[in-house]
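What follows is one structure encoded as structure tokens, with my remarks underneath.
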Amino acid sequence: YEGKRGTEGVVVFTESSAPTTSPGLLIQSELRLALEADELVLHYQPKVDLSSGLTFGVEALVRWQHPSRGLLGPLEFVPAAEQSGLVEPLTEWVLRRALADQQHWNRRGVDWQVSVNVSARNLSSGSFPRRVKAILEAAGARPEQLCLEVTETALSANADAAAAAIVELSGMGIAISIDDFGTGYTSLWQIRTLPVAEVKIDRAFVSDVTESDHDRSIVQAIIGLSHGLGCTVTAEGVESEAAARWLRLTGCDSAQGFYFARPRPWPELLEHHAGLPPVPLPIELSDLSET
Ligand code: C2E
Ligand code: MG
Ligand code: MG
Ligand code: MG
């Protein structure tokens, strides 16, 4: 069989090709079943307050416990879900699971906010804020316990609809975060006009921050800009103590990254968290000047 390029860059198959030979289609039908069979799992990564060293929230990151291919990361199936109608049931599944897990850790005396990633299609659907409200109510969670992470791409995809959804969600009390900031095309105008609580600096700028003057300049600029607009700043992809220290000194509010913890199921996180304070704090300014 042969694939031919369609006019819009879509691969059109000739009659001799069975539709199941397209990996995209295969993963879509499998994912539909996976949602029903509860094959998806959430791992959580701590968000650490850089001034206290305490975890104040966690980000939910979806994985697929595939029956034959093992544990798949989101980059292997979220794009396929986004191209079909599946990202709406996927996001709703993640929201329900995350808020249910949150009730469990709440009962153990842990009050972490939970962050959930949303896609462009969620924001442009029109019904998303209403569905989120229903899911919050069913879970018995307060809107302040939830943060929704929106990428710059999702904001620019259908800008007016996305902005309306963000205003509505924020009006309900949900925190809105701009994810992967610095890699997309969010205009400063959007950030200025939207009720954004948090800006997350993309890890592309953070991973080499202690080695690169340019990255340090970019990170400093994003911190200043975000604070000027009333947003808190989280650095993603913090992999070293040196980076954590520099970010703290530079006024970054919080951080996430393998240095603190890798994403993992929440019970493991609770155990690890109880045993090990993740940041060696307090960090004195004199310590910082040596790094
Ligand atoms: P993201 O929201 O920017 O999530 C951060 C990603 O960086 C995660 O990858 C995380 O494991 C990884 N990461 C965290 N700390 C470090 C570090 O120190 N170093 C490095 N190299 N990587 C680090 P993951 O779990 O593979 O997720 C990738 C992307 O998939 C996410 O990027 C998010 O855009 C998307 N995603 C994850 N879960 C969901 C979901 O439930 N729904 C939707 N729509 N998208 C999701
Ligand atoms: Mg995220
Ligand atoms: Mg991110
Ligand atoms: Mg990222």
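The values are calculated or read from the model by the stated rules, or taken from the named source; none is laboratory data. This structure is a prediction, so every number in the text was calculated from the model and none was measured. When we count neighbours, we look across all protein chains shown, and the Cβ atoms used for this are built from the backbone with ideal geometry, even at glycine. The area values use the complete protein model at the heavy-atom level, side chains included, leaving out ligands, DNA and RNA. Shrake-Rupley method; radii C 1.70, N 1.55, O 1.52, S 1.80 Å.
Worth a mention:
- Index of the failed condition, Asn158 passing every other in (1) open to solvent by less than 30 Å² (accessible area, probe 1.4 Å); (2) touching a helix residue (DSSP H, G or I) at 6+ places or on another chain (Cβ under 6 Å); (3) more than 15 Å from ligand 2 (Cβ to nearest atom); (4) at pLDDT below 90: (1)
- Candidates in region 240-256 are the residues that are modelled with pLDDT of 95 or more and assigned to a loop (DSSP other than H, G, I, E, B); of these, the one that is most open to solvent (accessible area, probe 1.4 Å) is Asp253.
- Scope region 1-30; condition in a helix (DSSP H, G or I) and either of a type outside the set (A, V, I, L, M, F, W, C) or modelled with pLDDT of 90 or more (or both); matching residues: Pro19, Thr20, Thr21, Pro23, Gly24, Gln28, Ser29, Glu30
- Annotation note: Cβ proximity below 6 Å between a residue of region 202-223 that is polar (S, T, N, Q) and in a helix (DSSP H, G or I) and a residue that is within 16 Å of ligand 3 (Cβ to nearest atom) and open to solvent by 80 Å² or more (accessible area, probe 1.4 Å) (sequence gap 6+ or interchain) occurs for no pair.
- Residue in region 187-196 that is open to solvent by less than 60 Å² (accessible area, probe 1.4 Å), more than 16 Å from ligand 4 (Cβ to nearest atom) and either β-branched (Val, Ile, Thr) or over 24 Å from Ala161 (Cβ atoms) (or both) present: yes
- Condition check for Val48: surrounded by 23 or more Cβ atoms within 10 Å (Cβ to Cβ), at negative phi and in contact with a Ser or Thr (Cβ under 6 Å, 6 or more places away or on another chain): yes
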